[in-house]
Amino acid sequence: MPATRPNPRLVKIHRSYTVDEIAKLFGVHRNTVRAWIARGLPTIDERRPVLVLGRHLAAFLRARRTANKRPCGPGEIYCLRCREPRRPASGAVRYHPLTPTRGNLVGLCGCCGAGLNRRVSLAKLPLFLGDLSAAMPLAQEHIDESPQPSLNSDFEQDRPDHANASP
Ligand SMILES: [Zn+2]
């Protein structure tokens with residue numbers, strides 16, 4: 001997955017853009033642009049089609065770049081709308097596993113209410129959480145915290161190999 005970073009300098013700050021125009025400008029899918037909007041890229045109120053001011057777009061893309069460089073402290077997730085590391089509302093986040101070892105921490109910005117989202121490795125999760133309370137999916141606890149052979153290994157062996165051993 002080549003993650004090309006949209007260059008904020010391509011944006012003309014004195015004009016406004018439709019979702020299509022932004023997609024063409026950066027060679028990304030329209031859904032990518034919609035995801036930016038969902039994550040806090042401001043649009044001009046109530047206009048259809050949706051319009052984004054160039055200066056908002058440039059600021060948003062710059063904030064994303066900064067977010068990738070600026071580390072958050074424990075208990076903080078970078079808010080793309082506030083452009084600051086923020087503490088999630090109520091000190092609560094949810095962990096969504098993507099793989100057995102990595103997942104997304106999601107919450108709501110305690111200051112502006114925007115969605116917060118941070119990719120973390122499960123091993124480093126405690127460092128990110130600080131004193132936050134995290135809702136973990138039940139299955140996840142079993143996957144990673146059982147050093148002994150678990151029920152799973154029995155299932156694995158129950159394969160066709162020895163199912164038809166005798167004719
Ligand atoms: Zn915020």
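The values are calculated or read from the model by the stated rules, or taken from the named source; none is laboratory data. Here the structure is a predicted model, which means the values were calculated and not measured. Here Cβ is always computed from backbone atoms with ideal geometry, including for glycine, and neighbour counts include all displayed protein chains. Quick note on the areas: whole protein, heavy atoms, side chains included, nothing else; ligands and nucleic acids left out. Shrake-Rupley method; radii C 1.70, N 1.55, O 1.52, S 1.80 Å.
Do we find a residue being assigned to a loop (DSSP other than H, G, I, E, B) and either surrounded by 15 or more Cβ atoms within 10 Å (Cβ to Cβ) or within 14 Å of the ligand (Cβ to nearest atom) (or both) anywhere in the range 20-35?
Keep residues of the range 20-35 that are assigned to a loop (DSSP other than H, G, I, E, B), which gives 27-29.
Then drop every residue that is not either surrounded by 15 or more Cβ atoms within 10 Å (Cβ to Cβ) or within 14 Å of the ligand (Cβ to nearest atom) (or both), which leaves 28.
Looking for residues that are assigned to a loop (DSSP other than H, G, I, E, B) and either surrounded by 15 or more Cβ atoms within 10 Å (Cβ to Cβ) or within 14 Å of the ligand (Cβ to nearest atom) (or both), one finds at least one in the range 20-35, hence yes.
Taking Arg83 as the residue in question, decide whether it is outside the structural domain of Arg15 (by TED's automatic domain parsing) and under 19 Å from Ser133 (Cα atoms).
Details: outside the structural domain of Arg15 (by TED's automatic domain parsing): yes; under 19 Å from Ser133 (Cα atoms): no.
So Arg83 fails the test.
If you filter the range 82-125 down to residues that are in a loop (DSSP other than H, G, I, E, B) and open to solvent by less than 40 Å² (accessible area, probe 1.4 Å), you find that the one that is farthest from Pro71 (Cα to Cα) is Ala114. Only residues that are without any contact (Cβ under 8 Å) to a residue 40 or more places away in the chain and closer than 15 Å to Leu61 by Cα were counted in the range 17-30, giving 7.
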